[in-house]
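The values are calculated or read from the model by the stated rules, or taken from the named source; none is laboratory data. This is a predicted model, so every value here is computed, not measured. Quick reminder, even Gly has a Cβ in these numbers, built from the backbone with ideal geometry, and neighbours come from all protein chains shown.
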Amino acid sequence: MMGRVRKDDLLYPELSYQIVGILFEVYNTLGYGYLEKYYQKAIAALLRKLKINFTEEEIVEVKVGDEIVASGRADFIIEEKIILEIKKGNSFRKTNIDQLHSYLKMKNLELGILANFTSTGLLYKRIVNIQTATIRNSPICNS
């Protein structure tokens, strides 16, 4: 039987909380209907205001030998810990989740946040890269 999730079980709870707070502040300020790049500029401004280190539009890639076999651009890499991908639309698409998971693997990071700016509010999902994540006290490990 799976127990309740505790704060201690979450990856980067304080930083995640700050990021989600920024996302809600952007949505509450701008609302729905802007291009993704405007939400991105607003998020970057708030990250700077809070003195949170980040890179924007960072190229992530997979190499085999010297050859790049896959690449993409992560919207934000925050504190070299969390990848934040932002989208505009009313639901999470499998392709967006797969994209974020691939970026996590490419950067060898544990946690990503996928945010959708929708017509009815902000939606977000935490995506964990189970290949690199340290799962603490998880019943999954004991199966």
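Give all pairs with beta carbons closer than 9 Å in which a residue from segment 21-50 that is surrounded by fewer than 12 Cβ atoms within 10 Å (Cβ to Cβ) and assigned to a helix (DSSP H, G or I) meets a residue that is among the aromatic types (Phe, Trp, Tyr) and at pLDDT 95 or above; count only pairs at least 6 apart in sequence or on separate chains.
48/54
Which of the residues belonging to segment 60-96 are under 20 Å from residue 130 (Cα atoms), of a type in the set (Val, Ile, Thr) and modelled with pLDDT under 95?
Matches in segment 60-96: 60, 62, 95.
Of the numbered conditions (1) in contact (Cβ under 8 Å) with a residue 40 or more places away in the chain; (2) surrounded by 16 or more Cβ atoms within 10 Å (Cβ to Cβ); (3) more than 13 Å from the chain's Cα centre (by Cα), residue 61 fails exactly one; give the number of that condition.
Residue 61 satisfies all of (1) in contact (Cβ under 8 Å) with a residue 40 or more places away in the chain; (2) surrounded by 16 or more Cβ atoms within 10 Å (Cβ to Cβ); (3) more than 13 Å from the chain's Cα centre (by Cα) except (2).
Just checking, does segment 72-88 include any residue being out of contact with any Leu (no Cβ under 8 Å at 6 or more places or on another chain), assigned to a loop (DSSP other than H, G, I, E, B) and surrounded by fewer than 15 Cβ atoms within 10 Å (Cβ to Cβ)?
Taking every residue of segment 72-88 in turn, none turns out to be out of contact with any Leu (no Cβ under 8 Å at 6 or more places or on another chain), assigned to a loop (DSSP other than H, G, I, E, B) and surrounded by fewer than 15 Cβ atoms within 10 Å (Cβ to Cβ).
Of everything in segment 93-106, what is surrounded by fewer than 16 Cβ atoms within 10 Å (Cβ to Cβ) and aromatic (Phe, Trp, Tyr)? Give them in sequence order.
None; the set is empty.
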